[in-house]
1. What longest range of chain A stays clear of loop-exposed GluC sites (Glu not before Pro) (DSSP non-H/G/I/E/B, at most 13 other C-beta within 10 angstrom)?
2. So what's the angle, to the nearest 10 degrees on a 0 to 90 scale, between helix B:119-154 and the longest Cα principal axis of chain B?
3. Using a 10 Å cut-off around each Cβ of peptide A:366-377, what is the average number of partner chain Cβ atoms that fall inside?
4. Springs between alpha-carbon pairs under 10 angstrom, Gaussian network model over chain A: which of A:Pro77, A:Pro301, A:Pro359 fluctuates most?
5. Treat every Asp and Glu Cβ in chain B as -1 and every Lys and Arg Cβ as +1, leave all other atoms uncharged, and give the resulting dipole magnitude about the Cα centre to the nearest 20 debye.
6. Label B:Thr239 and B:Leu147 with points 7 Å out from Cα along Cα→Cβ: what is the distance between them in nm?
7. Under the definition of partner shielding as Cβ atoms of other protein chains within 10 Å of a residue Cβ, what is the mean value for peptide A:172-178?
8. Which of the three applies to region A:121-270, rounded, prolate or oblate, going by the alpha-carbon gyration tensor with a ≥ b ≥ c and a/c under 1.5 meaning rounded?
Amino acid sequence: MQLEFVGWFQILLGTLWRFWPVWLALAVLFALSFAFKKRLGLYGQILDTGVGIAGVFICGFWLFSAIFAGTIAPFNPLGQYPIMKDALPGAIEPNSGQIFLFGGDTLARDVFSRMVFGSQIVMIIAPAATLFALMVGTTLGLPAGFFGGKIDTFLSFLANLVLAFPVILLFYLLVTPGIMETPIPYTMAGIFFIFPIIFFCTLFYTRYSHRPGLLAIQIGLTVLIGGWIYAGLVFNADPFGIVAIRPNELNIFVAVVFASSPGVFRIVRGLSMDIKTRDYVAAAQTRGESSWYIMLWEVLPNARGPLIVDVCLRIGYTTILLGTLGYFGLGLAPESPDWGTAIKDSSRLLRAYIHPALPPVVALMSFVLGLNLLADALREQSLKD
Amino acid sequence: MLTFILRRLGVMALTMVCLTLVVFYLVNLEPNLRRLALSQIDMRSSEQHIESWLTRMGYREPFLVRYGQWIGVVQKQPAADEAGNPVSRFRYCTEPSEPTYSGVLQGDFGCSTTFRTTVADRLWPALGATGILMFWVMVVMVPVSLLIGIFAGMREGTRTDRTLSVASITTTATPEYVSGVIFTVVFASWLGWLNGSAATATSQGISFYNFTLPVMTMAIYGIGYIARMTRASMVEVMTQQYIRTARLKGLGFGSVVVKHALRNALIAPFTVIMLQFPWLLTGVVIVEVMFRYQGFGFTLVSAAGNNDIDLLLGASLVSVFVVLSTQLISDLGYAYLNPRIRVQ
């Protein structure tokens, strides 16, 4: 049977049309942002520059694509439509009459739908892993920089140990199917995921220890919510069944957190060493504040500028790491629609068909570019102050 | 200075011991050993058969003893055949059939079970091939990125600066597996100028036709980062008092940049370039797999894929050594180049 095709112009229009929820959401986002720009602080300031607007636009685009993926994508990302095998862009699927906007891949799946659903995987894992790495790096980096001495030597040695590993070797050792039979990923997850709970408990305790009523509520909430997520992620035993993670995803998550925490540690340690010499730290010490109070409520807030920039860059770097994992077929399921796996599958057949390779490549590149632009705009604004 | 170097070397040795211990532990996990046994004997071997093979080959000895054997401080025991007589563990590596001290310290990296040869036979040629690739990457990457950085940082805030900055941000957002695909599509599939595979580089020698794409792909990711560091360093130098003095005494802009600014602006990029090596190692793996070039990265991936214990250990040792020694060189070089910083 002969496939029917639509022209390039219609593909373009069709693609723009399919993304309508994203355009709508972006329009609302920008309208609100510009309306309340004065009151939005740093975020409002980065909208003054072209680079910042571009960054917000691209990141927002992929964020909303991930949220509305079900509406945008016309097909199931895992669904196979045999007649559409290697179909060129613009081919019309005879049964539903829908268009394969970017063509079909070698397993006859819709490249466009896979690209859209691929953004979901990136959007969930990359920011979450970065936040966990931030928690681990901050909780260890602050005392290392603040106290110095033996703690610093020991923690820095550990961080350098991890940093001396080439990332790819680390992934090959940590993200193999075999390792999921051992307790290693769960032990590591157990260690890493306890850090946010420790962090928030210390944060509230140091500030509100003289107001036991408020403190009890805060610590209680932290332990309750933290413990709930902890149980779901590490032991896969969420009593409500909402927080759940598949073993291979947990493995990836842990490996990515492990690989990026030492970087955060180094930055936080450096900032903490720099800031502890400031006058307001000396003032707090004179007031008789505890070391942890100074670290969490004096040093950390003043280190936020470089940290926010670093988080932006790091989410991008984590996206690249996820792509690397997908490219080497580590951890993620072989039919998973994430961009790295899609690039791996299509780059092998590049000589025959190029159209399945380009959408995931452009998607990954544009998202990381958006994050880097955002980081650049943030850096420029925080330097201005 | 000498004590500093000695202390750094000591820390380096300690780091290497710790890291190889970790790698040794991870490759010797039970599922990995079983995978190795299955690939070495029969795929449908019984549970008992696997266990007896692992015992006979010495994989069941205590962890630290085996690590000591690999290092070369404990005697390596020969394997036992079915009857219990000592035989060479891997015949294709001509391993001795009597106990000997034969580990990394003695220069014996062991035996690769995937390639059926000694690790040294496999690893050193692969490293040589990767060395050639790295050399060309450096030849392309360093001058291009320094030039971009200097031109961008020379006059901060101009249109050239902004264009070059956005361009370098774009390249840092392009990991090797992305740029590799884009370049292959453009230069190999579409224009047909270059070969999309470097497999012929190993057999027939390197040519512009088969080697440009891998080099380009690897260089592009690093260029943006180094260029941005150079730009930042250049911008900082250009605001210094002595640059203004040089301008005020009537020197031309070009001469100020070349004679006064460059020497100080290039100190920071030097360390950045040296610290790029860990990233380049990851890039090497991706590029060599993508373009089928038989180098270090290719060997590492096949070793990891088949759980080739000795080869994987050798490869990690080499890569960790490269990373640590470049860090040391970068620190020493920085102290040497920058007279304001002297190591205590």
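1. Details: sites that count: A:Glu4, A:Glu335.
By the stated rule (loop sites, at most 13 other Cβ atoms within 10 Å), A:5-334.
2. 20
3. Numbers: counts 2, 1, 7, 7, 1, 1, 8, 4, 0, 1, 4, 0.
What the average comes to for A:366-377 is 3.
4. Looking only at A:Pro77, A:Pro301, A:Pro359, the largest GNM fluctuation is found for A:Pro301.
5. Working: 26 positive and 19 negative charges, 360 e Å.
Roughly 1720 debye, rounded to the nearest 20.
6. Between B:Thr239 and B:Leu147, the label points sit 2.8 nm apart.
7. Working: counts 12, 10, 1, 0, 9, 2, 9.
So the per-residue partner count for this stretch is 6.
8. Cα axes put region A:121-270 in the oblate bin.
Bear in mind these aren't lab numbers, they're just calculated from the coordinates by the rules spelled out. All of these numbers come straight from a predicted model, not from anything done at the bench. Here Cβ is always computed from backbone atoms with ideal geometry, including for glycine, and neighbour counts include all displayed protein chains.
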